[in-house]
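Here the structure comes first, spelled out in structure tokens, and everything after it is commentary.
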């Protein structure tokens, strides 16, 4: 009886360990993966509240150690200021349309990174990371368990300069082709979000040039979509969307994804 009591306690102890709590993964074709890439507005800088830390069994994320865990904010780990992003609201909207699947988010955005940092072998000094190499490695680990369904990109603030903006469109098209080739997903949807159009922040010619490249993308590269930031607001710094705006942006990304997949 004493031994049986000890065995029961042991089993209960094992059940409360981190390993025992690792989520069970669905079949590969029912595990829909989404790669989150770009700079800080994709990584998320929104203020975290209790709702952002409530786990949902059908929304998982690949953590920094490349393990699947419940998706809670902050998802990203590029900088200590990482906060609420658009990933969870995106995933929730996807599940509204496809409730039978599990969503797996792959956070890989890097705050401040210009598009030139998203090249093979490039080391980005401010975050001591390799944005492209790290994102590809994380995606490849995730794709062992699931199926990549789309790549979500929000970036361009760092390229909105007179020197960099003229070359941005060509670099963006090249980036999309490299993602699709490297990950062996030639038709994977690629969705871009508009930079913040805040009433109290001015847009110069360089930012308008980057915005034009984003807007024109669906007419130039197959299986791409553009997401507007119209009506969204910043959190006080005139750069980063606030938490409610990031949640809405995630829903808009999901609607753009649905428009591509339903059309197909």
Lone unmet requirement of (1) within 18 Å of the chain's Cα centre (by Cα); (2) within 16 Å of residue 153 (Cβ to Cβ) for residue 244: (2)
Number of positions in the stretch 109-140 that are touching a strand residue (DSSP E or B) at 6+ places or on another chain (Cβ under 8 Å) and farther than 22 Å from residue 160 by Cβ: 4
Which numbered condition residue 51 misses (of (1) at pLDDT below 95; (2) in a loop (DSSP other than H, G, I, E, B); (3) surrounded by fewer than 14 Cβ atoms within 10 Å (Cβ to Cβ)): (2)
Some residue of the stretch 136-147 being under 16 Å from the mean Cα position of the chain (by Cα) and part of a strand (DSSP E or B): yes
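The values are calculated or read from the model by the stated rules, or taken from the named source; none is laboratory data. This structure is a prediction, so every number in the text was calculated from the model and none was measured. Counting neighbours? That spans all protein chains shown, and the Cβs are built from the backbone with ideal geometry, glycine included.
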